[in-house]
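Q: Pasting a structure below so you can have a look.
What follows draws every value from the coordinates through simple rules; no lab data is involved. Since this is a predicted model, take the numbers as computed values, not measurements. Heads up, the Cβs are rebuilt from the backbone with ideal geometry, glycines too, and the neighbour counts pull from every protein chain shown.
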Amino acid sequence: MREKEGYKKLRIYQKAHKLAIKVHKMTLHLPKFELYEEGSQIRRSSKSVSSNLVEGYSLRRYKNEYLRYLSQSYASSQETIEHLDYLYETNSLKDKILYEELNKAYNELCGMLFNFTQSVWEKHETKLFRNKIND
């Protein structure tokens, strides 16, 4: 079996992807009227977290672009928390344990995204930039 390559090796991507799948499955059990309202919104925001990580990783040689996509990923994670709160507070998501589990996981993911973004901000160098320094 081949080891994971590229963005798939990042723990942050793995967690975001796994959570998006869990959110998607959770929305299938929402009341019918929520499937196309809040259900649709939370599916999009949760999937946007990992999608932005993938896009950013693909452009990682450009520090500013990478940072932009990481910031969008963070914002989507925060947005997902907001949608979770709406669903729970309106009683559309009745499973308190699932709500707390997802809320905690997305808050942890936000922390991971924040730290990862800080690391890229402080330490990321492009090959072009490194070559100019060494010349």
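Q: Can you show me the helix-derived [θ] at 222 nm for the chain, built from DSSP H runs with n ≥ 4 at -39,500 (n - 2.57) apiece and divided by the number of residues, rounded to the nearest 500. Spell out each step's value before the answer.
A: Details: 6 runs with 105 residues, N = 135.
Computed ellipticity for the chain at 222 nm equals -26000 deg cm²/dmol.
Q: How do Ile12, Ile97 line up, fewest other C-beta atoms within 10 Å first? Spell out each step's value before the answer.
A: Working: Ile12 19, Ile97 7.
With the fewest neighbours first, Ile12, Ile97 line up as Ile97, Ile12.
Q: Additional query: Excluding residues on the same chain fewer than 8 positions from Lys104, give the aspartates and glutamates whose Cα lies under 13 Å from its Cα.
A: Cross-link targets: Glu82, Asp85.
Q: Going down the list Lys9/Lys47; Lys32/Lys94; Lys15/Lys123; Lys25/Lys47; Lys8/Lys47, which pairs span over 21 Å between their C-alpha atoms?
A: Working: Lys9/Lys47 18 Å; Lys32/Lys94 14 Å; Lys15/Lys123 23 Å; Lys25/Lys47 12 Å; Lys8/Lys47 15 Å.
Correct reply: Lys15/Lys123.
Q: In addition: With axes computed from alpha carbons, what is the tilt in degrees of helix 38-58 against the longest principal axis of the chain, rounded to the nearest 10 within 0 to 90?
A: Compared with the principal axis, the helix lies near 10 degrees.
Q: Just checking my list [x] 17.2, 63; [y] 17.5, 56; [z] 14.8, 46 against Rg and Dmax of the Cα atoms in Å computed from this structure; which label fits?
A: Label of the calculated value: [x].
Q: Taking 0.36 nm per intervening residue step and subtracting the Cα-Cα distance, what contour gain separates Gln118 from Ser71 on full extension? Don't skip to the answer; put the middle values down first.
A: Working: separation 47, 0.36 × 47 = 16.92 nm, distance 1.03 nm.
Net length gain for the segment: 15.9 nm.
Q: Residue separation times 0.36 nm, minus the C-alpha to C-alpha distance between Leu59 and Lys104: what's the value? Please report the intermediate quantities before stating the final value.
A: Values: separation 45, 0.36 × 45 = 16.20 nm, distance 2.96 nm.
Stretched out fully, the Leu59 to Lys104 stretch lengthens by 13.2 nm.
Q: So what is the relative contact order for segment 8-134, in percent, with contacts set as C-alpha pairs under 8 Å and at least six apart? Please list the in-between numbers first.
A: On the way: 118 pairs, mean separation 34.7, N = 127.
Worked out over segment 8-134, it gives 27 percent.
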